[in-house]
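Step one of this worksheet: look at the structure below.
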Amino acid sequence: MSTKKLLSYLPIKQMEFDEEIHYMTYRDELIIQIQTFSDQEFKQFQELFTSYNLAKKDRSLFKALEIKKLLFAFSNSENQNIQDVLDQISHDHLEEDVEEINSLIKWFKLEQGWIVQQDEKNMKILYQQLPGSPLIVARIDTQVDIPLDVFASLIYETDLFPRWFPFIGASKTLLVPETATKILKMTIDAPFISDREFCVKAWGINNLDVDGSLYILSHSIDQNDNLLKRLKYEIPNIPSINFPLDPKVIRGDLTVFCTRITRLQGNLHQFSMVMAADMKLKYVPDYFPNFFLRKFSGLLFQRMLSNSKNFKGSAWDKKKVESPEFYQWLEEIILRYAY
C-alpha cells in the first residue's frame, strides 16, 4: 500500500497546536514504518527474482514457473522497479516452454496402454500406438551403471551421432542458442529407401527438484512456426533459422526422442527413452516402420551402452573441451544438488 493511501486514513480535524505536533510526529513515524515495509517487500521480491534467475540458469523450468507465479503476487505493488521486472518476465514464454516439455515427457508418466515387446536382462521394451496415427511410440526402461556426465556427453554431442546412432549418416549442429540447447539437422541413411532428414531442437532439462530426474528432449521443429518465432523472440541475436529442403532427401518428422535419467545410487541410474518418428513412407505398410522401431530401440541402447564403457580418451571425451558451457552447467548441477 502506498504512503499516500495509508496517510489518507488518518483523521482530518481541526487541531490545537500541541495536537498538531503530536499528529506530525505520528505521521513521520508512520512514514518510516511504511518505508520499512516497502524495503521489506522489495527485499522479498529481490530474493524471489534471484531464485527465479537461478532456476532458469539451472534449466529447472518447472521450478522457475512456480517462482514466477510467486513473483506476480507482487503485481499490486506501487514500486516501479518491481513493476518493471514483472513486465520483463511477462514476456519470457516460460509457460510455453513448460507446455512444450510436458508434451514430450508425458510418455514417461503414462502407465497405461503399453504393450511389452521385451522384458529380460533388466530391460523392458514397450510400445503403443500414437493417438490419431497408425504409427507407434517405443519406450525403453532399464538400469545402467554409468556416470551422469558420460551419459549426457553421448547424447549431447550430436555431431558424433553417426559414430553410434544406427543409420544416421550425418548430423550437424546448426545453432547453440543457449546452454544445453541445440538446433541440428540429421540425415538418416537407411537401406532400401531414400535418405531422410530431420530438423531438430534438442535441450536439457533439470527436473531434480520435481521428480529427481534430468531430461534430454528433442523433436522436429521445422514445421513448428510458433516455436521458431519464440526462439527468435527469446534470443534477439539468433540468426535466421531456416531449413532449406534438399531435393535429394525426404523431410521426416521426429515426433519425440527423449531420455530421462534418474539417479538411484552412486553411478547407478534408472534410464528411460521414448522415441517416435514419421519417416514419410508413402508406399510402405505401417507394419514395417513400426516393427523396425521396436527392434531399433534395443539396438540403439546397446550401442550407447557399448560407447559408455569405452569413454575415456574417446571422441566424446575430447569433445568436452569444445563445449565448456554445457559441461560446466552439468557439473554445477551435480554439485548443487549433491547428485
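The values are calculated or read from the model by the stated rules, or taken from the named source; none is laboratory data. The structure displayed is predicted, hence computed values, not measured ones. Virtual Cβ from ideal backbone geometry, glycine too; neighbours counted across all protein chains shown. These accessible areas exclude ligands, DNA and RNA; they are computed on the full protein's heavy atoms, side chains included. Shrake-Rupley method; radii C 1.70, N 1.55, O 1.52, S 1.80 Å.
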Here are the criteria: (1) of a type outside the set (G, A, S); (2) open to solvent by 60 Å² or more (accessible area, probe 1.4 Å); (3) out of contact with any helix residue (DSSP H, G or I) (no Cβ under 6 Å at 6 or more places or on another chain). Tell me which single one Q117 does not satisfy. (3)
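Residues checked against (1) hydroxyl-bearing (S, T, Y); (2) surrounded by 15 or more Cβ atoms within 10 Å (Cβ to Cβ); (3) under 30 Å from W329 (Cβ atoms):
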site: K124; (1), (2), (3): no, yes, no
site: P134; (1), (2), (3): no, no, no
site: A138; (1), (2), (3): no, yes, yes
site: I146; (1), (2), (3): no, yes, yes
site: S153; (1), (2), (3): yes, yes, yes
site: Y156; (1), (2), (3): yes, yes, yes
site: V176; (1), (2), (3): no, no, yes
site: M186; (1), (2), (3): no, yes, yes
Given the criteria under 22 Å from I334 (Cβ atoms), charged (D, E, K, R) and buried (at least 21 other Cβ atoms within 10 Å of the Cβ), does K182 qualify? yes
Sole miss for T142 among (1) open to solvent by 50 Å² or more (accessible area, probe 1.4 Å); (2) touching a helix residue (DSSP H, G or I) at 6+ places or on another chain (Cβ under 9 Å) is condition (1)
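Table: residues versus (1) touching a Lys or Arg at 6+ places or on another chain (Cβ under 9 Å); (2) assigned to a helix (DSSP H, G or I); (3) at pLDDT below 90.
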position	(1), (2), (3)
P191	no, no, yes
E197	yes, no, no
I205	yes, no, no
D222	yes, no, yes
R230	no, yes, yes
P239	no, no, yes
N242	no, no, yes
I261	no, no, no
It is to be established whether one or more residues within the stretch 102-114 are of a type outside the set (F, W, Y), in contact with a strand residue (DSSP E or B) (Cβ under 9 Å, 6 or more places away or on another chain) and closer than 15 Å to Q302 by Cα. no
Tell me yes or no: at least one residue of the stretch 192-199 is over 25 Å from R59 (Cα atoms) and without any contact (Cβ under 8 Å) to a residue 24 or more places away in the chain. yes
When every residue in the stretch 58-87 that is open to solvent by 80 Å² or more (accessible area, probe 1.4 Å) and modelled with pLDDT under 90 is compared, the one nearest to S213 (Cα to Cα) is N81
Could you grab the pairs with beta carbons closer than 7 Å, sequence gap of 6+ or different chains, first residue in the stretch 318-339 and in contact (Cβ under 8 Å) with a residue 40 or more places away in the chain, second one among the hydrophobic types (A, V, I, L, M, F, W, C)? K319/L160; F326/A180; W329/A180; L330/A152; I334/L148; Y337/L208; Y339/L148; Y339/I333
Scan the stretch 188-219 residue by residue and report those that are hydroxyl-bearing (S, T, Y) and surrounded by fewer than 21 Cβ atoms within 10 Å (Cβ to Cβ). S194, S213
Among the listed residues L110, L126, L174, identify the single one that is in contact with a Lys or Arg (Cβ under 7 Å, 6 or more places away or on another chain), over 26 Å from N310 (Cα atoms) and free of Cβ contacts under 8 Å to residues at least 24 places away in the same chain. L126
Report yes if S213 is out of contact with any Gly (no Cβ under 6 Å at 6 or more places or on another chain), at pLDDT 90 or above and of a type in the set (S, T, Y), otherwise no. yes
